[in-house]
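Reading through the structure tokens given below for one structure.
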Amino acid sequence: MFQNLTRIAAGIGIAACTLLPATDASAQSKLKEVLNRGKLIVGTGSTNPPWHFRDEKNQLVGFDIEIAKIIAQGLFDDPNKVEFVNQASDARIPNIVTGKVDISCQFVTVTAARAQQVAFTVPYYREGVSLMMVAGGPYADYAALKAAGSKVTVSVLQNVFAEKMVKDALPEAKVDQFDSVDLMYQALNSGRAQAAATDSSSLRYYMKQNAGRYVDSGYSWNPQTYACIVRQGDQDWLNFVNVALRESMTGTTFPLYKAAFERWFGETPPEPKIGFPQEFR
Amino acid sequence: MQAFLDQLWIARWPLWDGLLLTAGIAAAAIAFGTLLGGIVGVQLAYAPWWLRLPFRLYVDIMRGTPVLVLILAAFYIPAVAGLSLGPTEAGTLALTLFAGAHIGELLRGSLQAIPPGQAEAGRSIGLTFPQLLAYVLLPQAARSALPPWINTGVELIKGSSLLSIIGVGELLLRTQEVIGRTFMTIQFYIFAGIVYLVINIALDQLGKSLERRVGQH
């Protein structure tokens, strides 16, 4: 269903674009437009912790939200000059292509196919799949799970690729698929499954919420890179966002990135090494 | 159950706001859609063919297109024409156009179902066409159009849940946000389903009682 929605949405967006010639591509950089406007318009979602969701006070929070605030900090020296536009995952690319938002930071996985439609910024996180187990359970780590072979049952969110995804890491394990996150975790808590496999970031956040109750197997696989997306053909804007993001991971604004990372993933990111810029090594 | 009720209490205001937005959008769409549908229905029933044609095209296109596609089109097509509608406005526009077509078509049917003797009688006592419409035809058509009109209202309440896809914070999106935080998928979807059901049954009952008072006997 989501595939189809994406196609419909993208189709309408792209069809709409061809109705008019590219008007503002060369006229003025988005950077100037945003600075004149005095606030940054960011597309993101509201239903996926720890990335973008509403807390109990109904405030939009999460790692994507903090990334947007880091960019606003660079623009206006004020992390709160951001207007968030709520969008479904399917609307991420159409909303960029039609200029509804300046930038989208909504756990967009970088793929070559998408790079044909939008411009990706530098990455800000590398997602993967990890295995979580109940603390003090029969298997201590990934090696023990793998050694146990078919005695292990792994609970996973229902998905066409779920079975293969688990078998890539644990070829002999049994796979139990559940159609919601709470049921997946319940299977683990009740002992029906010995491990739960899901996005590393979700597991880290869940483990932080329930400190001491769970352990990570220590093995992650299925890498995918998250970056923000902007419209193609505006190098000044892309370059600005890249600088703002890169410096939050390597330079002056690292404390902001570090605080966000610790808050949402319960881990401290590696400190930038002083001396030779490590990204050129 | 207690955990669910606790979360429901925490989330009561966002959910209430979502419910109000759902009701507001549906009410706006039925109000504007009825105005639009009134014009469309009269044109379809009485206009000469060349004037009828654009209305017929509008009705057929709207009725032949999924509401989801109308919503996405209302959100994206004005954007590239330089007119950027917010999600709520675009969603209301899409549902209004949808309602206008349906109401226009059901009004046309109701008008054409009135026995021709009624119009002839009106004309013979010297009523002009606007008078004929206002005093003879529309009051009769409105009665027989009432049940399907209520039905359109129910469709709009349900259709408004599709607006979550363009980021309108109506009841379904608010529910999904609570699920995102609490992971209580089944409980909150059932809750939202019951709320929609209660609204629609209430609307249906309202329609039935209206029908009993003004409907045909």
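The values are calculated or read from the model by the stated rules, or taken from the named source; none is laboratory data. This is a predicted model, so every value here is computed, not measured. When we count neighbours, we look across all protein chains shown, and the Cβ atoms used for this are built from the backbone with ideal geometry, even at glycine.
Only residues that are at the interface with chain A (Cβ under 9 Å from one of its Cβ atoms) and either within 22 Å of B:PRO66 (Cβ to Cβ) or at pLDDT 95 or above (or both) were counted in the stretch B:160-173, giving 6. What about B:GLY100, is it within 14 Å of another protein chain (Cβ to nearest Cβ), assigned to a helix (DSSP H, G or I) and under 19 Å from B:GLY24 (Cβ atoms)? Spelling it out, it is not the case that B:GLY100 is within 14 Å of another protein chain (Cβ to nearest Cβ), assigned to a helix (DSSP H, G or I) and under 19 Å from B:GLY24 (Cβ atoms).
Conditions (1) closer than 30 Å to A:LEU31 by Cβ; (2) in contact with a strand residue (DSSP E or B) (Cβ under 7 Å, 6 or more places away or on another chain); (3) modelled with pLDDT of 95 or more, marked per residue:
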position: A:TYR205; (1), (2), (3): no, no, no
position: A:ALA211; (1), (2), (3): no, no, no
position: A:ASP216; (1), (2), (3): no, yes, no
position: A:THR225; (1), (2), (3): yes, yes, yes
position: A:CYS228; (1), (2), (3): yes, yes, yes
position: A:VAL241; (1), (2), (3): yes, yes, yes
position: A:GLU247; (1), (2), (3): yes, no, yes
position: A:GLU279; (1), (2), (3): yes, no, no
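Checked against (1) surrounded by fewer than 16 Cβ atoms within 10 Å (Cβ to Cβ); (2) of a type outside the set (D, E, K, R); (3) modelled with pLDDT of 95 or more, B:ILE25 passes all but a single condition, namely (1). Residues considered: B:PRO66, B:PRO87. Of these, the only one that is under 20 Å from B:ILE25 (Cα atoms) and within 15 Å of the chain's Cα centre (by Cα) is B:PRO66.
Going by what's in this entry, would B:ALA99 be described as of a type in the set (Gly, Ala, Ser) and over 13 Å from the mean Cα position of the chain (by Cα)? Against the criterion (of a type in the set (Gly, Ala, Ser) and over 13 Å from the mean Cα position of the chain (by Cα)), B:ALA99 does not qualify. Which condition number in (1) surrounded by fewer than 20 Cβ atoms within 10 Å (Cβ to Cβ); (2) over 18 Å from B:LEU93 (Cβ atoms); (3) under 20 Å from the mean Cα position of the chain (by Cα) is the one that B:PHE4 fails? Status for B:PHE4: all satisfied but (3). Residues that are within 14 Å of chain B (Cβ to nearest Cβ) and more than 22 Å from B:VAL178 (Cα to Cα) within the stretch A:152-188 comprise A:SER155, A:LEU188, listed in sequence order.
Going through the stretch A:79-131 one residue at a time, which ones are within 14 Å of another protein chain (Cβ to nearest Cβ) and assigned to a helix (DSSP H, G or I)? Hits for the stretch A:79-131 are A:SER89, A:ASP90, A:ALA91, A:ARG92, A:ILE93, A:PRO94, A:ASN95, A:ILE96, A:VAL97.
Listed by position, the helices (runs of 4 or more DSSP H) inside the stretch A:138-213 whose residues that are farther than 22 Å from A:ARG126 by Cα number at least 3 are A:142-148, A:181-189. None of A:ASP176, A:ASP236, A:ASP199 is acidic (Asp, Glu) and surrounded by fewer than 16 Cβ atoms within 10 Å (Cβ to Cβ) except A:ASP236. Put simply, of B:ILE190, B:ILE125, B:ILE194, B:ILE179 the only residue that is within 14 Å of chain A (Cβ to nearest Cβ), more than 23 Å from A:ASP90 (Cα to Cα) and without any contact (Cβ under 8 Å) to a residue 60 or more places away in the chain is B:ILE190. Just wondering, is there one or more residues in the stretch A:63-78 that are under 30 Å from B:TRP9 (Cα atoms) and in a strand (DSSP E or B)? The answer is no; no qualifying residue exists. Six or more apart or on different chains, Cβ under 7 Å: which pairs go from a residue in the stretch A:35-54 that's within 7 Å of another protein chain (Cβ to nearest Cβ) to one that's buried (at least 24 other Cβ atoms within 10 Å of the Cβ) and of a type in the set (Asp, Glu)? Could you list them? Listed pairs, sorted by first residue: A:SER46/B:GLU177; A:THR47/B:GLU177; A:PHE53/B:GLU177; A:ARG54/B:GLU177. Restricting attention to the stretch A:248-276, the residues being without any contact (Cβ under 8 Å) to a residue 40 or more places away in the chain and touching a Gly at 6+ places or on another chain (Cβ under 9 Å) number 1. Among the residues of the stretch A:237-275, those that are outside any loop (DSSP other than H, G, I, E, B) and among the basic types (Lys, Arg) comprise A:ARG246, A:LYS258, A:ARG263. Within the stretch A:129-146, one or more residues are over 28 Å from A:GLU262 (Cα atoms), without any contact (Cβ under 8 Å) to a residue 40 or more places away in the chain and not aromatic (Phe, Trp, Tyr). Taking the conditions (1) in contact (Cβ under 8 Å) with a residue 24 or more places away in the chain; (2) buried (at least 18 other Cβ atoms within 10 Å of the Cβ); (3) of a type in the set (Lys, Arg) in turn, A:LYS81 satisfies each one other than (2). The criterion of being farther than 30 Å from A:VAL85 by Cβ and either touching a Gly at 6+ places or on another chain (Cβ under 6 Å) or away from chain A (no Cβ under 14 Å) (or both) holds for B:LEU107. Under the condition of being within 12 Å of chain A (Cβ to nearest Cβ) and either assigned to a helix (DSSP H, G or I) or touching a residue at least 60 places away in the same chain (Cβ under 8 Å) (or both), the residues counted in the stretch B:68-90 number 16.
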